[in-house]
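Student: The structure that follows is given in the form of structure tokens.
The values are calculated or read from the model by the stated rules, or taken from the named source; none is laboratory data. This is a predicted model, so every value here is computed, not measured. Neighbour counts run over all protein chains shown; Cβ positions are idealised from the backbone, glycine included. Only protein heavy atoms, including side chains, enter the accessible area calculation; ligands, DNA and RNA are left aside. Shrake-Rupley method; radii C 1.70, N 1.55, O 1.52, S 1.80 Å.
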Amino acid sequence: MSFLSLILRNLTRNRRRGVLMASGIGVAAFVIASLLSVEAGFGALIGSADDTLLNVREKALACPVTGRVFDSDLATIAGMAAVRDATGVLRGLYSYQDKKNLVVVNGVDLQAFRGVKDVRVLEGSESAFTARPDAALVGRPIASQYGWKVGETVSLLEDRLRFQIAGTFEAADKSYETGVLVHKEYLARLKHDEGKSTFLIVRLKDPAALASVSRAIDAEYANHPKPTKTQSERVARERELQDFRELRRMLGLMVLAAIAVSVFGAANGISMSIRERTREVGILRSLGVRREQILGMLISEAALLALAGGAAGIGLAAVLLATGRTLGGMIPLALRPGALGASLGLALLIGLSGAVLPAVRATRLSIVDALKLAD
Amino acid sequence: MSDDVILSVRSVAKQYERGGQSVKVLEGIDLEVERGGYVALMGPSGSGKTTLLNIIGGLDSASSGRVIVDGLEIGALDDRRLAAWRTANIGFVFQQYNLLPVLTAVENVELPLLLFRMTKEERRARARAALVLVGLSGREHHLPRQLSGGEEQRTSIARALVTDPKLIIADEPTGNLDARAAANVLDLLERLNRELRKTILMVTHDPAAGRRARTLVRLQKGTLLPEAGAEVTA
């Protein structure tokens, strides 16, 4: 017998209520851990953008995947004094086996793409990729997610796109690692988009030339059927993710409103369980247990309950994030340490918010008054 | 105060402020109890018996006057020291038993020992010995709800004994029990007083219980009345 065992007994004395309270806290921790991890995924994606890169997209862009820019002026752009390299990326979004498994497929000229993005082949070989028109390099995370192996043929969207895996890769820009690289000509033929890109990537010799080169590129395309909008990759990526963010924000607000109810229920349950035991507080004090010891026990009990609920919610979030891996095939998902800390902190806060006031009240009451209370 | 006197209550008064008015509960209480004494405090409801008991046990404070237990004036102790003093010196037996429902009989008895420096083996051994003393050796792992009223009260007496206190304070210890269980509890208290020389101060409504004590003291309207032949100086 110890004070700790008394705390644990009290935690389990009303199991149904204990489970309900812990569940309320768990739901809150789950939602917060998930939302913060998604937010951190956005941050990682934007954070890996390169400040010496420009992104050239169709000006009247409705969707980051369906917009098109003509490749015809790539040579002109590459010839600009402040430009080091320029290449086009044709992007497609395909489902794999199930509608919710979205795969981003980037059609690239690998050699030119390497001039703007650092890509390192891991398993397999680059020569195998070069040798086959339908070859693909798959990002390590997506290969691991779907269990794809080198040499395997993969079919996407009811066989509208089929490729053979020549190797896996890792990239400094994490947004590419969650997708697949194929030959641009191959993808363009399948999509009937020869001579077009979804966007161009331009590497500058000097980041200070960002504004002037952007203006020059947009001027070059001004009289094309599809005029362009050129901006830094970071800004472009933020814009690309804007829709996701809006969706996440709206979803987040709705879910937060819902969890407020369960949080209130959990805090109220904790508060009630302490108020009900005011007489027992009087018993303990009559035996000589000090106010601060009892306060510590009551608060520890609430904290343990909150941490148990929080840990369960965070565990569930970690499993679901690890299973989902990416949001929309682009945003990498994983439980981030910051999200873990914040959601555990929130769980603790909920527990303590329900416990502190009634615990202080119960221990401040005179022993005689506490003992007069009915069980 | 003689060495034989364990409890000395001097000019104790207690009044409450209620609805803007002062209500006198105790007035001018003087009482001495000898070491090894067994005193029954009787009186009608509202006469201040429990209030006096609570003041003596350090659960409540007097508005004026002094309570001296074994040479120590407890009114001078702060909250923290008073709590430690209660643990070491007073064993409480309540009408409602006041056992913690989540703890077994032996754990309830062990509870006050958590406040002493001793190993868990020593704590458990002392708690078991106290249960044996009150005749509950086979019930140590039962929860309070699995015990009869008499067994619960005997567990509470074991808890009061386990710290070897200087004074056992019992507030209506038979008030919730049937006649047979009440007689058992009174037998036990009498035995503790007679064989172990435990000093007991008991509040009771029950004349039969009062007669078991060696000294009978009556309270009326907050004032102590001496009983003829009492060993107590009042």
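Student: Could you please find all residues in segment A:274-294 being open to solvent by less than 50 Å² (accessible area, probe 1.4 Å) and more than 12 Å from every other protein chain (Cβ to nearest Cβ)?
Tutor: If the condition is that a residue be open to solvent by less than 50 Å² (accessible area, probe 1.4 Å) and more than 12 Å from every other protein chain (Cβ to nearest Cβ), then A:Ile274, A:Thr278 are the ones that fit.
Student: Being open to solvent by less than 70 Å² (accessible area, probe 1.4 Å) and within 14 Å of chain B (Cβ to nearest Cβ) is the filter here, so list the residues in segment A:349-368 that pass it.
Tutor: If the condition is that a residue be open to solvent by less than 70 Å² (accessible area, probe 1.4 Å) and within 14 Å of chain B (Cβ to nearest Cβ), then A:Thr363, A:Leu365, A:Ser366, A:Ile367, A:Val368 are the ones that fit.
Student: Here is a follow-up. Of everything in segment B:1-47 that's surrounded by 19 or more Cβ atoms within 10 Å (Cβ to Cβ) and hydroxyl-bearing (Ser, Thr, Tyr), which residue is nearest to B:Arg218 (Cα to Cα)?
Tutor: That would be B:Ser47.
Student: Considering each of A:Val104, A:Val65 in turn, give the residue that is in contact (Cβ under 8 Å) with a residue 24 or more places away in the chain, surrounded by fewer than 20 Cβ atoms within 10 Å (Cβ to Cβ) and not in a helix (DSSP H, G or I).
Tutor: Among A:Val104, A:Val65, only A:Val65 is in contact (Cβ under 8 Å) with a residue 24 or more places away in the chain, surrounded by fewer than 20 Cβ atoms within 10 Å (Cβ to Cβ) and not in a helix (DSSP H, G or I).
Student: Same structure, new question: For segment B:178-188, indicate whether the set of residues that are of a type outside the set (Asp, Glu) and at positive phi is non-empty.
Tutor: no
Student: Still on this structure: Output the residue which, of all residues in segment B:91-125 that are surrounded by fewer than 21 Cβ atoms within 10 Å (Cβ to Cβ) and more than 9 Å from chain A (Cβ to nearest Cβ), is farthest from A:Leu4 (Cα to Cα).
Tutor: Step by step, filter segment B:91-125, then rank; the result is B:Gln95.
Student: Out of segment A:152-170, which residues are in contact (Cβ under 8 Å) with a residue 24 or more places away in the chain and under 19 Å from A:Ser127 (Cβ atoms)?
Tutor: A:Phe163, A:Gln164, A:Ile165, A:Ala166, A:Gly167, A:Thr168, A:Phe169, A:Glu170
Student: Quick check on segment B:62-83. Is at least one of its residues closer than 30 Å to B:His141 by Cβ and more than 7 Å from chain A (Cβ to nearest Cβ)?
Tutor: No.
Student: Right, next: Can you tell me which condition B:Gly150 does not meet? The list is (1) under 28 Å from B:Ile55 (Cβ atoms); (2) of a type outside the set (Phe, Trp, Tyr); (3) without any contact (Cβ under 8 Å) to a residue 40 or more places away in the chain, and all the others hold.
Tutor: Going through (1) under 28 Å from B:Ile55 (Cβ atoms); (2) of a type outside the set (Phe, Trp, Tyr); (3) without any contact (Cβ under 8 Å) to a residue 40 or more places away in the chain one by one, B:Gly150 breaks only (1).
Student: Please give the number of the condition B:Gly135 fails out of (1) assigned to a loop (DSSP other than H, G, I, E, B); (2) within 14 Å of chain A (Cβ to nearest Cβ); (3) surrounded by 15 or more Cβ atoms within 10 Å (Cβ to Cβ).
Tutor: With respect to (1) assigned to a loop (DSSP other than H, G, I, E, B); (2) within 14 Å of chain A (Cβ to nearest Cβ); (3) surrounded by 15 or more Cβ atoms within 10 Å (Cβ to Cβ), B:Gly135 is out only on (2).
Student: Another question, then. Of all residues in segment B:122-165, count the ones that are within 13 Å of B:Val106 (Cβ to Cβ) and of a type in the set (Asp, Glu).
Tutor: Qualifying residue count, segment B:122-165: 2.
Student: For segment A:1-37, what are the residues that are within 14 Å of another protein chain (Cβ to nearest Cβ) and buried (at least 21 other Cβ atoms within 10 Å of the Cβ)?
Tutor: Of everything in segment A:1-37, those that are within 14 Å of another protein chain (Cβ to nearest Cβ) and buried (at least 21 other Cβ atoms within 10 Å of the Cβ) turn out to be A:Leu6, A:Asn10.
Student: Only one of B:Ala127, B:Ala160, B:Ala181, B:Ala170 is touching a residue at least 24 places away in the same chain (Cβ under 8 Å) and farther than 29 Å from B:Met42 by Cβ; which?
Tutor: Being touching a residue at least 24 places away in the same chain (Cβ under 8 Å) and farther than 29 Å from B:Met42 by Cβ holds for just one of B:Ala127, B:Ala160, B:Ala181, B:Ala170, which is B:Ala127.
Student: Any idea which residue in segment A:146-161 is modelled with the lowest pLDDT, counting only those that are open to solvent by 30 Å² or more (accessible area, probe 1.4 Å) and touching a helix residue (DSSP H, G or I) at 6+ places or on another chain (Cβ under 9 Å)?
Tutor: In this case the residue turns out to be A:Arg160.
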